[in-house]
Structure formats: C-alpha cells, structure tokens
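A.B. asks: Attaching a single structure in structure tokens format; questions to follow.
The values are calculated or read from the model by the stated rules, or taken from the named source; none is laboratory data. Since the structure is predicted, the reported quantities are computational estimates derived from the model, not experimental observations. Reconstructed Cβ throughout: ideal geometry from the backbone, glycine too, with neighbour counts over all protein chains shown.
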C-alpha cells in the first residue's frame, strides 16, 4: 500500500550522465553538528541528490524498497548523481533527517492516512510515501546498518530503523517471525562526512562531560529519580537557580541532542550496561517484572500526533531494554519483552498515572512509566 506524499521529477544535466568518479573526502568537513529539529538546510542538486549543508552528508533523493541483503548489494553498485561511493547510512546519519514538525500518522485505521498527519522528513526535498514497505500507513521504516547488539522479542535479530511516518526509532526484525521471509525496508543511500555521529567526549573532572564533536556539555550524573515531563522542566529550573556545577544555563535536551549520547554498541543483553558510554554515570532501575534495567530519558521535544490531544506526549530514548507487554498469538497472555531494543526512541504522555496503562500501549504493549529520568545539557561556551 503506497500513499504518495510528494514526488518531484528529476532532470539530470546531460554533462553528468555517464560520469563516474569517487569522492571520499567530506562534502563540507564538519564533525557532529546537532541538526535543528525543524530544518536540515538542504540543497537540491537536481541530479537525484540532496546535500545537507549542516552535516556535510549527501543523500539520495528518491528511495528503494529492499531487504537488508538486497540493500547491501544495491549500495555497492549505486551510481547516483555521478558518484559511486554511496553507502547505507547508520542510525546516527539517518536520524539527522528527522524533523519533529511531523505529526504521527498512527491511528486506529491503519489503512489510510488520517487528516492532519505530516511526515517527519522534509518532503520539499526528499521523496516520501506512507506505507512504502508494508500494508499499514506507518510502514515507512528506513533501513540503517545499525544492528541491535541484543535480540528483540526474545529471539529476533533486529535493525534500528527510523520511521518517518510515526517519528520513532525502533529495532525492526530482519526476518519476519512468522513467514521466515526477509523483511523489506525503505532504503535511502548517503555519502560524504564519515565522521558524522562520532563523539569526542572529555571528562572535565568536575562532574560534567563535554562532547567536543557536538559542542555540548552534559551532567555526568542523571537525575537519579523519575519524574513526569512537567516536573522535569521544573527540575531544570531548580538546577539553574542553584547554579548547579557552576552553571545557570542547563536545559532539558532536545530529542536530537539526547540521541547524540546513545551508544548503539552497548546494551543490557550484550554488555550488561545501558546504551551509553561508561564515561557517564547511569542509574539502574527495577523494571515491571522486578529485573535490573536502565531508565528511559525525557527530551524537551513534543511528539505531535493526530487527534484532540496532539501535544500531550513527549519523545524519549530507551537507554535500557525498551519493553512492551506482548500478547501471545490467539491468547490473552502477555509477556514482558524487549520489543524495540536499547536505543529506541518512542513517546509517552507528559503527565498522568502509569497505573492507567497496566499492559502498556499500542500493538507491542509499550510500557508507559511517565516518571522518567533526566540528564541536563548546556552549550559549550
């Protein structure tokens, strides 16, 4: 099922056809700039490529729908815009494209795009359609090379993908659990700036951590307790009143800032740790079954969705297993599983009572806690 949002005819200049050469140096040498949540500052090169002048990445304008193995072969042979050094993006690169001016298309009727939905990607520059790689409106999961170091659903190998229809990162199974066929994903290639997404952390020995790549300073320790989103903002205000660690300009990070400190090489299953480098202190929690896990962390970013409560949720990242109460087929029995992987990005109500969601929310029974943790950030001066 395809619902085309926007598609622009590309005319390639005659002088570009037949030209094949490799360019290995970054288009615009930068390290790891955190792209605005509203704009990527794109340049349409009119040859089926788009240059992001902030990140130094060049992107394929259109897309393909392929399995993971097919995508690997496609990238090897791709010649787009006269370049032959295209690659599949990792999760940090792909997430640079997400825009939180989007409105989540999730709704009860997944066969049609609801009124008010808006893609989480710049459709003035990139081709996009709802339902590109599946039967539901929200099946627009974009493939990356970031394979989860654990397993989702207790057994499935998964790839972290970005969904530009619902504004989330999740671990998606590479093989369909029932049909045993390779799943297909939406594929957009990238080239240039191979340093994008690489941190350069520095321990300042004063309970702060600087990232010279993003030019952000983080608190070494987190809040050590959960709180709702409104309380999280108030907690930041209090830090600034106290000039915490000598600074009065702390803030709740945007979801894209928070993503920069997620470490996809780490997970509770693979490294017995949170998905963050050990230079940071990380609280542990007891999850809904009493097992040791790690918190999810609030961002300042509202996750817009269709309906009357369009601004009632905020985006967060799972630094521990991203749990859900999965219902067994043909049964009412539910099992608490890592349904999306450590490093997934979801959203939940800014306020409320978690007891109102005894079996979570959504098709995977996403655990709703509402009282989540916080790590403060500020700009490096």
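A.B. asks: Kindly indicate which of 49, 67, 101 is in contact with a strand residue (DSSP E or B) (Cβ under 8 Å, 6 or more places away or on another chain) and free of Cβ contacts under 8 Å to residues at least 60 places away in the same chain.
C.D. replies: Numbers: 67 fails: free of Cβ contacts under 8 Å to residues at least 60 places away in the same chain; 101 fails: free of Cβ contacts under 8 Å to residues at least 60 places away in the same chain.
None of the other options fit; the residue is 49.
Conditions tested, residue by residue: (1) surrounded by fewer than 16 Cβ atoms within 10 Å (Cβ to Cβ); (2) at pLDDT below 95; (3) in a loop (DSSP other than H, G, I, E, B).
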{"residue": "15", "(1), (2), (3)": "yes, yes, yes"}
{"residue": "26", "(1), (2), (3)": "no, yes, yes"}
{"residue": "35", "(1), (2), (3)": "no, yes, yes"}
{"residue": "38", "(1), (2), (3)": "yes, yes, yes"}
{"residue": "50", "(1), (2), (3)": "no, no, no"}
{"residue": "66", "(1), (2), (3)": "no, no, no"}
{"residue": "92", "(1), (2), (3)": "no, no, no"}
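A.B. asks: Within region 132-149, how many residues are under 13 Å from residue 171 (Cα atoms) and in a loop (DSSP other than H, G, I, E, B)?
C.D. replies: Kept after step one, since they are under 13 Å from residue 171 (Cα atoms), are these residues of region 132-149: 141-149.
Adding the requirement that they be in a loop (DSSP other than H, G, I, E, B) leaves 143-146, 148-149.
Total satisfying the criteria: 6.
A.B. asks: Name the residue that is nearest to residue 306 (Cα to Cα), counting only residues in region 349-370 that are in contact with a helix residue (DSSP H, G or I) (Cβ under 9 Å, 6 or more places away or on another chain) and buried (at least 17 other Cβ atoms within 10 Å of the Cβ). Spell out how you get there, then give the answer.
C.D. replies: Start the filter on region 349-370 by keeping residues that are in contact with a helix residue (DSSP H, G or I) (Cβ under 9 Å, 6 or more places away or on another chain), which leaves 349-351, 367-370.
Filter once more, so that each one left must be buried (at least 17 other Cβ atoms within 10 Å of the Cβ): 349-350, 367-370.
Numbers: 349: 14, 350: 16, 367: 21, 368: 19, 369: 22, 370: 20 Å.
Filtering first and then ranking leaves 349.
A.B. asks: Listed residues 129, 75; which is in contact with a strand residue (DSSP E or B) (Cβ under 6 Å, 6 or more places away or on another chain), in a helix (DSSP H, G or I) and not assigned by TED's automatic domain parsing to the domain that holds residue 300?
C.D. replies: Values: 129 fails: in a helix (DSSP H, G or I).
Matching residue, one of 129, 75: 75.
A.B. asks: Here is a further query. Among the residues of region 364-372, are any in contact (Cβ under 8 Å) with a residue 12 or more places away in the chain, within 18 Å of the chain's Cα centre (by Cα) and on the phi > 0 side of the Ramachandran plot?
C.D. replies: For region 364-372, residues in contact (Cβ under 8 Å) with a residue 12 or more places away in the chain, within 18 Å of the chain's Cα centre (by Cα) and on the phi > 0 side of the Ramachandran plot: absent.
A.B. asks: Which ones in region 186-218 are closer than 28 Å to residue 162 by Cβ and in contact with a helix residue (DSSP H, G or I) (Cβ under 7 Å, 6 or more places away or on another chain)?
C.D. replies: To start, the set of residues in region 186-218 that are closer than 28 Å to residue 162 by Cβ comprises 186-201, 209-218.
Matches in region 186-218: 187, 189, 190, 196, 197, 216.
A.B. asks: Next question. What number of residues within region 168-222 are under 30 Å from residue 79 (Cα atoms) and surrounded by fewer than 19 Cβ atoms within 10 Å (Cβ to Cβ)?
C.D. replies: Looking only at that region, the number is 8.
A.B. asks: Let me ask you something else. Please tell me if residue 101 is surrounded by fewer than 19 Cβ atoms within 10 Å (Cβ to Cβ) and within 20 Å of residue 57 (Cα to Cα). Please lay out each step first, then the result.
C.D. replies: Details: surrounded by fewer than 19 Cβ atoms within 10 Å (Cβ to Cβ): yes; within 20 Å of residue 57 (Cα to Cα): no.
Answer is no for this residue.
A.B. asks: Can I ask one more? Which of the numbered conditions does residue 280 fail, given that it passes all the others? Conditions: (1) assigned to a loop (DSSP other than H, G, I, E, B); (2) under 20 Å from the mean Cα position of the chain (by Cα).
C.D. replies: Looking at each condition in turn, residue 280 falls short on (2).
A.B. asks: Modelled with pLDDT under 95 and within 28 Å of residue 359 (Cα to Cα): is that true of residue 269 in this structure?
C.D. replies: no
A.B. asks: Let me ask something else. State whether one or more residues within region 317-324 are touching a strand residue (DSSP E or B) at 6+ places or on another chain (Cβ under 9 Å), assigned to a loop (DSSP other than H, G, I, E, B), more than 29 Å from residue 144 (Cα to Cα) and assigned by TED's automatic domain parsing to the domain that holds residue 264.
C.D. replies: Initially, region 317-324 is screened for residues touching a strand residue (DSSP E or B) at 6+ places or on another chain (Cβ under 9 Å), giving 317-324.
Next cut, assigned to a loop (DSSP other than H, G, I, E, B) only: 319-322.
Checking the rest, the ones that are also more than 29 Å from residue 144 (Cα to Cα) come to none.
The answer is no; no qualifying residue exists.
A.B. asks: Tell me, which residue of region 283-303 that is surrounded by 22 or more Cβ atoms within 10 Å (Cβ to Cβ), in contact (Cβ under 8 Å) with a residue 60 or more places away in the chain and outside any strand (DSSP E or B) is farthest from the chain's Cα centre (by Cα)?
C.D. replies: My answer is 295.
A.B. asks: Within region 237-256, restricting attention to residues that are crowded, with 20+ Cβ neighbours inside 10 Å and touching a strand residue (DSSP E or B) at 6+ places or on another chain (Cβ under 6 Å), which residue is nearest to residue 169 (Cα to Cα)? If you could, list the steps in order and put the result at the bottom.
C.D. replies: Going through region 237-256, the residues crowded, with 20+ Cβ neighbours inside 10 Å turn out to be 239, 250, 252-253, 255-256.
Then drop every residue that is not touching a strand residue (DSSP E or B) at 6+ places or on another chain (Cβ under 6 Å), which leaves 250, 252-253, 255.
Details: 250: 26, 252: 20, 253: 17, 255: 11 Å.
My answer is 255.
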